[in-house]
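Structure record follows, encoded as structure tokens.
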Amino acid sequence: MSPTPSRVELWPLTLADQDEFCSLVRASTELHAPWMQLPTTSGEFQDWMRRFSDGTSLGFLIRVQETGAAAGMVNINSIIRGRYQGASLGYAAFVPSAGRGYMTEGLTVALRHAFNDLRLHRLEANIQPANKASSALVQRLGFRYEGLSPAYLYIDGAWRDHERWSITTPLPWTPDPSLPRV
Ligand SMILES: CC(C)(COP(=O)(O)OP(=O)(O)OC[C@H]1O[C@@H](n2cnc3c(N)ncnc32)[C@H](O)[C@@H]1OP(=O)(O)O)[C@@H](O)C(=O)NCCC(=O)NCCS
């Protein structure tokens, strides 16, 4: 069965996206606080982009195909191979495109890329219990709740408890060659 057509596509984030990215983040301060801190200045953006330099984390803009507008961002972070073959997702919508289903579609494309092209087996999303928009988003995508991780990530000046949500690859799946055979 062919996948449902999507209104969005993923664009790898590059240094050339700096001004657009920072101004969208500045416009989205109220939406992102207190859940997510993203770069708003040239220096912060360049520091942030270093995380993508060794291939263990990948950053994308979610662009609306019809207009080219960046509706949000998604990172496939901390890719671990070997017997794990997993990564964790980071994501945020940008005002004024939030609440229109673009993030649901963008993360659907990100899941497909992670499972079919990167051949990952597992994706996690770690979400603070009060972040209802984020847990609603991953539930729409079929993630399952696995449990509470106390003091899991340092966010907004403190170690915050997070709910761990995950999804594993649909079958049939072709493993990455780095997966041990037995
Ligand atoms: C979490 C976050 C990314 C969710 O973004 P979002 O804009 O709600 O997600 P979507 O674009 O998929 O929009 C979903 C909403 O659009 C509505 N919608 C409208 N048209 C739609 C369509 N064609 N398809 C699907 N949903 C549609 C849905 O009903 C839903 O609204 P609801 O929440 O009132 O039910 C956003 O709230 C955000 O950026 N939060 C701050 C950063 C953050 O928390 N990141 C995650 C840290 S763990």
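Would you kindly derive the ³J(HN,Hα) couplings of the stretch 161-176 from the backbone phi angles with the Karplus curve 6.51 cos²θ - 1.76 cosθ + 1.60 (θ = phi - 60°), listing them in order in whole Hz, with x for Gly and Pro?
Result, ordered by residue: 5, 9, 7, 9, 10, 8, 9, 10, 4, x, 9, x, 9, 9, x, 5 Hz.
Would you calculate, for the chain, the mean residue ellipticity at 222 nm contributed by helices, counting each DSSP H stretch of 4 or more residues as -39,500 (n - 2.57) and dividing by all residues, to the nearest 500?
For the chain, the value works out to -6500 deg cm²/dmol.
Specify the inter-centroid distance of the stretch 101-167 and the stretch 14-71, based on alpha-carbon positions, in whole Å.
So the two Cα centres are separated by 18 Å.
Tabulate in residue order the Karplus-calculated ³J(HN,Hα) for the stretch 17-31, using 6.51 cos²θ - 1.76 cosθ + 1.60 with θ = phi - 60°, rounded to whole Hz; enter x for Gly and Pro.
7, 3, 5, 4, 4, 5, 6, 5, 5, 4, 6, 10, 3, 5, 5
For a protection proxy built on the mean count of beta-carbon atoms within 10 angstrom, sort 58-69, 131-142 highest first, please.
Output ranking for 58-69, 131-142: 58-69, 131-142.
Around Ala69, which amide H atoms from residues at least 5 apart in sequence, or from another chain, sit under 5 Å from its own amide H, with H modelled in the peptide plane?
Those qualifying (amide H under 5 Å, at least 5 residues apart or on another chain) are Val64.
Around Ile167, with a cut-off of 9 angstrom between Cβ atoms, what is the net charge of the other residues, counting Lys and Arg +1 and Asp and Glu -1?
Residues near Ile167 contribute +1 overall.
How charged is the neighbourhood of Pro150? Take every other residue with its Cβ under 12 Å from the Cβ of Pro150, and add Lys/Arg as +1 and Asp/Glu as -1.
Residues close to Pro150 contribute a combined charge of 0.
In terms of the Cα gyration tensor, with a ≥ b ≥ c the square roots of its eigenvalues, is the chain rounded because a/c is under 1.5, prolate because a/b exceeds b/c, or oblate?
rounded
How large is the charge dipole for the chain, taken about the Cα centre, if only the Cβ atoms of Lys, Arg (+1) and Asp, Glu (-1) carry charge, to the nearest 20 debye?
Once rounded to the nearest 20, the dipole reads 620 debye.
Within 10 Å, count the other beta carbons around each residue, average over each peptide in 83-95, 26-38, and list them highest first.
83-95, 26-38
Please give me the summed charge of the neighbours of Glu124: other residues whose Cβ is under 10 Å from its Cβ, Lys and Arg +1, Asp and Glu -1.
Residues close to Glu124 contribute a combined charge of +1.
Here, each number is a calculation from the coordinates, and none is a lab measurement. Nothing here was measured: the structure is a model prediction, and the numbers come from that model. Positions of Cβ are backbone-derived with ideal geometry, glycine not excepted, and every protein chain shown enters the neighbour counts.
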